[in-house]
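Written out below as structure tokens is the structure these notes cover.
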Amino acid sequence: MDVLSNLAEGFSTALLLRNVLLALLGVTIGTLVGVLPGLGPATTVALLLPLTFVFDPVGALVMFAGIYYGGMYGGSTTAILLNVPGESASVPTTLDGYPMAKKGRGGAALATAAIGSFVAGTISTVAITFLGPAMAEVGKMIQPAEYFAIMVLAFVTVTSLVGNSVVRGLASLFLGLAIGLVGIDSLTGQARYTFELPRLYGGIDLIIVAVGLFAIGEALYSAGRLRHRPEEIVPVRGRVWMNREEWSRSWRPWLRGTAIGLPIGSLPAGGAEIPTFLSYAVERRLSKRKEEFGKGAIEGVAGPEAANNAAFSGVLVPLLTLGIPTSATAAVLLMAFQVYNVQPGPTLFDDQPVLVWTLIASLYIGNVMLLVLNLPLVRLWVRLLSVPRELLVPAILVVAALGAYAATQSVFGMALGLVFGALGFWLRRTGYPIGPLVLGAILGPLLETHFRQALAFSEGDWTVFATRPISAAILVAAALMLVLPAVLRRRAGITVPVAE
Amino acid sequence: MSAEDGGTTGRGPDAPARPPLAVAPLATGVLVTAVGAVVLAGAFMIPESAAYQAVGAGAFPVLVGAGALVVGVLNLLAVLRRSDTAQLDQAREEAAVTHWPTVGALAAALAGYAALLVPLGFWQTSAVFLVVAARVLGSRRPVRDALVGLVLALALYFLFDRVLGVSLPPGYIRLAF
């Protein structure tokens, strides 16, 4: 009952006209930017981070929850109509979504994606409502050594499961950890890796890192390929709706996708890539028409889209209750929290009840808004797909420049943004995933805090991580996660493409 | 370890089958290794200031530096041995596709954008940048680009600077606003 009364409180704030408008603004901007080709949810949230400078925390986070979801909905539209996945989690959607569009069933593909996302998102939000407070209670009992181990596990899973090489993922992660070291050490007040530059005493602004790596890096990357890959937009013929057969083929994959995405996403080790690929594999195995897969089977869109949305929602559980983002998008969302000095973690539900419950209530509202935005209005978004690239890329860069400048109110910020843009371009080009870098940069300081606290409790005894049973078990699991995917991949010859 | 791939055995019978060295991934490997070395070296230069602490400010950087160094070396080895086929394939594809003049010109335009942002002002520089960048990316419609650039730049300027209160550089020479 306590949860329900809290939720009711949340709704009472979320339904204030101002917050409803902010949620609407968030989902609209999120969809609008997300639907632009090549802009995945992480890039969308990163580009829009400057908006956090101007709102109060509750209003801004309501808006960013909308942007978070909207960016993902928009991403499925490009996956289906353009064959361009905005992030690796949308890759399965392209496998059957694009063939469906080519066969003239684009409307049905968009409808099953939107309705499936709505179903999955709503079920998952109900789960967050009850799971969140429970996880927070568990989180309060976690000691620094275990916290450290859980974070290592999260790092390892995110790193080894994204992309197709553990070593490259780790390289990206360690670059991120190194970035996180820069600045004044919070415990001793010593300057580290600041190279005598006073501007670096406060650390490298993560908004600049995110804007540079995602937005500027991606813009440079697509600029280099602009003359090479003409994309073909498949027009949507007919209504954006499904016929009776498509409904009956969709609803089970939606539920199965949710059942796969939600638990994996909710673990502090999940992310959204595994569930969508897994859901695609499951649908294919269960289907009686295996031959249709890859040629436009609606199950291949319905399942992964639901799994994606469920995982996206599930990711909010470790983010809010443990402060651990398990996807690049969640890491960027965490930056929005940190702008307001709101540190998600076990005590967030106690310290900021209004904020948390308003946020959760706004997820329910945002899901409904997105369903409305994406079914009747999808044609409007589709027209955005035809914005010429030679205008789109410069426009993204202008917004990115604004973000990098505004983060520090200086050209230094923008210059730093360009450096990270060049880095992002280069990493992308040589096959290194960006996600682990952002995760390392944002979580590194937290990892270090728990590391040092654990050692302080053990009075400097480094074996503390191995002798405490839970910590040791989690670290062993992390070690297995590091090795297993490579072994499995070698056996099965599966590769997960990197889109971000 | 390195003896077998150091190239000392030279032109063996399998030499022609060997793919050429992938330069771009090599550079990334060097970067990661160098970052590891810098972080590790820097970690030892952080003075142990507080005796009451179990571990000082240098302990965690040692781990990060050592980790980056190890991963960087593994990266380099993978590149030198041509063992990471996925990366090799991608490097080959990218090398064939990337149009460097476009990337270079766009990067130069961005550098100019950053340099002129404060003296010229946000909306002025942004509008000019948009036209230049669009041209770099192959647009042949400067009038349309200028219109789009002006509208976008002024809209962003008014929204952020005037409505939302995020101050953006107005420029040394104040035109109309």
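Taking amide H as placed 1.01 Å from N in the peptide plane, residue A:86 has its amide H under 5 Å from the amide H of A:79, each at least 5 places away in sequence or on another chain. Residue by residue, the stretch A:98-112 carries 3J(HN,Hα) couplings of 5, x, 4, 4, 5, 7, x, 9, x, x, 5, 4, 5, 5, 5 Hz when phi is fed to the Karplus relation 6.51 cos²θ - 1.76 cosθ + 1.60 (θ = phi - 60°); x denotes Gly or Pro. For residue A:191, nonlocal amide neighbours, meaning residues 5 or more places apart or on other chains whose placed amide H falls under 5 Å from its own, are A:185.
Is the C-alpha gyration tensor of the stretch B:42-177 telling us rounded, prolate or oblate? Criteria: a/c under 1.5 is rounded; beyond that, a/b larger than b/c is prolate, otherwise oblate. Oblate. For the residues of B:85-94, the average number of beta carbons from a partner chain within 10 Å of their own beta carbon is 4. Using only DSSP helix segments of four residues or longer, with each worth -39500 (n - 2.57), what per-residue ellipticity at 222 nm results for chain A after dividing by its residue count and rounding to 500? Value at 222 nm, helices only: -23500 deg cm²/dmol. Each residue of the stretch A:177-186 is assigned a 3J(HN,Hα), and the resulting list reads 4, 5, 4, x, 6, 5, x, 6, 5, 5 Hz, derived from the Karplus form 6.51 cos²θ - 1.76 cosθ + 1.60 (θ = phi - 60°), x at Gly and Pro. Note on A:446-458: average number of Cβ atoms from other chains within 10 Å of each residue's Cβ is 3. Each residue of the stretch B:130-140 was assigned a 3J(HN,Hα) from its phi angle through the Karplus curve 6.51 cos²θ - 1.76 cosθ + 1.60 (θ = phi - 60°); the sequence is 4, 5, 5, 5, 4, 4, 4, 7, x, 6, 10 Hz, with glycine and proline shown as x.
For the pair residue B:70 and residue A:199, a Förster radius of 45 Å applied to the C-beta separation gives a FRET efficiency near 0.90, rounded to the nearest 0.05. Note on A:11, A:195, B:60: ascending count of other Cβ atoms within 10 Å places them as A:195, A:11, B:60, the fewest first. Taking a straight line from the alpha carbon of residue A:288, these aspartates and glutamates sit under 12 Å away, with near neighbours fewer than eight places off in the same chain left out: A:299. Rounded if a/c is under 1.5, else prolate if a/b is larger than b/c, else oblate: which is the stretch B:100-164, with a ≥ b ≥ c the root eigenvalues of its Cα gyration tensor? Verdict is oblate for the stretch B:100-164.
Sites listed here are trypsin sites (Lys or Arg not before Pro) in the stretch A:379-418 whose DSSP assignment is loop and whose Cβ has at most 16 other Cβ atoms within 10 Å, and the list is empty. Fewest-first ordering of A:420, A:130 by other beta carbons within 10 Å of each residue's beta carbon gives A:130, A:420. Residue order for A:396, B:173, fewest other beta carbons within 10 angstrom first, comes to B:173, A:396. Tell me the trypsin sites (Lys or Arg not before Pro) within the stretch B:30-138 that lie in a loop according to DSSP and have at most 16 other beta-carbon atoms within 10 Å. Within the stretch B:30-138, the qualifying trypsin sites (Lys or Arg not before Pro) (loop, at most 16 other Cβ atoms within 10 Å) are B:82.
FYI, it's all coordinate maths here, none of it is from the lab. In this text the structure is predicted, and so the values were computed from the model without any measurement. With ideal geometry, Cβ positions are generated from the backbone for all residues, glycine too; neighbour counts draw on all protein chains shown.
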